[in-house]
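Participant: Below is one structure. I have some questions about it.
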Amino acid sequence: MTADTSLIRFGVFGDNRGSLIALENGHNLPFDVKRVYYIYGTKEGVSRGFHAHRKLKQMLIAVRGSVTVKCEYGDRKKEYTLNRPDEGLLIEGLVWREMHDFSPDCVLVVLADEYYSESDYIRDYETFLKENGK
Ligand code: T46
């Protein structure tokens, strides 16, 4: 699988009551979702991630608050600020990811195309560089 990252903007159903966003497999989600988890209550100054996945596809959405996500793959280094519920960061394949600068109110929802499997993780940066061809 080719490693890649991209931002996807979701359509919003808004009316005088407020807003609603729907995510559907094959429509605005480019994979079938098998797992959802969310990260919240992150303590001040704490960073998370520091790993890559071999195959996993994930969509990260800051449904509340903000977080910076640093991604590294191939020869690329990209940094994203997630701070709106109508935007998702799609991360596919062998991408090293780090999450920094969580706002105290941040709720980061993550949709994944596979069940949790520790064997899909590369948690050692040197191993990632080798598998990334460096
Ligand atoms: C990722 C970033 C964005 C489970 O048991 N099941 C799960 O589905 C997940 C995601 C985690 N866990 C356990 C494994 C660890 O004992 O929860 C603990 C914390 O996981 P981790 O340290 O991997 O969390 P983060 O925030 O560093 O990374 C997470 C995801 O693990 C990872 O896939 O891409 O968020």
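Participant: With a cut-off of at least 1 residues that are open to solvent by 80 Å² or more (accessible area, probe 1.4 Å), name the strands (runs of 3 or more DSSP E) lying wholly within the range 70-134. I'd like the intermediate steps shown before the answer.
Facilitator: Working: elements: 76-82, 87-92, 96-100, 107-112.
Result: 76-82.
Participant: Please verify whether the range 114-133 includes one or more residues that are within 23 Å of R9 (Cβ to Cβ), in contact (Cβ under 8 Å) with a residue 60 or more places away in the chain and of a type outside the set (K, R). Working first, answer last.
Facilitator: Of the range 114-133, the ones within 23 Å of R9 (Cβ to Cβ) are none.
No: the range 114-133 contains no residue that is within 23 Å of R9 (Cβ to Cβ), in contact (Cβ under 8 Å) with a residue 60 or more places away in the chain and of a type outside the set (K, R).
The values are calculated or read from the model by the stated rules, or taken from the named source; none is laboratory data. Fair warning: this is a prediction, and the values are worked out from it, not measured in the lab. All Cβ positions, glycine included, derive from the backbone under ideal geometry; neighbour counts span all protein chains shown. The protein model used for the area step is the full one, side chains on, heavy atoms only, and it has no ligands, DNA or RNA in it. Shrake-Rupley method; radii C 1.70, N 1.55, O 1.52, S 1.80 Å.
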